[in-house]
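Have a look at the structure below, then the notes.
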Amino acid sequence: MKVQITSSLVLVSLVLFSCGTSNDKTNAVSAAAHQVAALDTTTEKTYAVELVNNKKDPSCGMPVTAGISDTAHYEKLVLGFCSTECKNEFLKNPKANLAAAALK
């Protein structure tokens with residue numbers, strides 16, 4: 001009888017210990033995944049079309065409905081651009097490029 005009680009106690013202890021350990025590992029993996037997600041800089045920001053004053057990217061002419069990944073403020077306007085490169089090109093000569101923006 002003592003052997004059965006001792007065996008049962010050992011078995012219950014192992015089950016309880018393994019459950020606690022499993023959660024700790026799961027929490028550690030989850031925390032590591034959150035840290036990696038926080039460090040992920042490859043995700044591009046996108047902006048809603050309603051937030052900008054132009055219908056077309058002033059540098060390349062692409063419609064802003066195709067996607068806005070960068071913006072700039074110029075003369076009380078918020079302009080949307082398909083890329084940072086297009087924004088930088090616009091900023092080299094904004095007055096010349098503003099006509100191509102097809103303002104709303």
Practice problem: Report whether or not Thr65 is at pLDDT below 80 and on the phi < 0 side of the Ramachandran plot. | Solution: no
Quiz prompt | From Ala28, Ala72, Ala32, residue being modelled with pLDDT under 95, part of a helix (DSSP H, G or I), under 21 Å from the mean Cα position of the chain (by Cα) and surrounded by 10 or more Cβ atoms within 10 Å (Cβ to Cβ) | solution = Ala32
Quiz item: Any idea which residue in segment 75-104 is modelled with the highest pLDDT, counting only those that are aliphatic (A, V, I, L, M) and crowded, with 18+ Cβ neighbours inside 10 Å?
Solution: Leu79
Self-check item: Selection from segment 44-63 of residues that are in a loop (DSSP other than H, G, I, E, B), surrounded by fewer than 16 Cβ atoms within 10 Å (Cβ to Cβ) and charged (D, E, K, R)
Solution: Glu44, Lys45, Lys55
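The values are calculated or read from the model by the stated rules, or taken from the named source; none is laboratory data. Predicted model, so just to flag it, every value in this text is computed and none were measured. Positions of Cβ are backbone-derived with ideal geometry, glycine not excepted, and every protein chain shown enters the neighbour counts.
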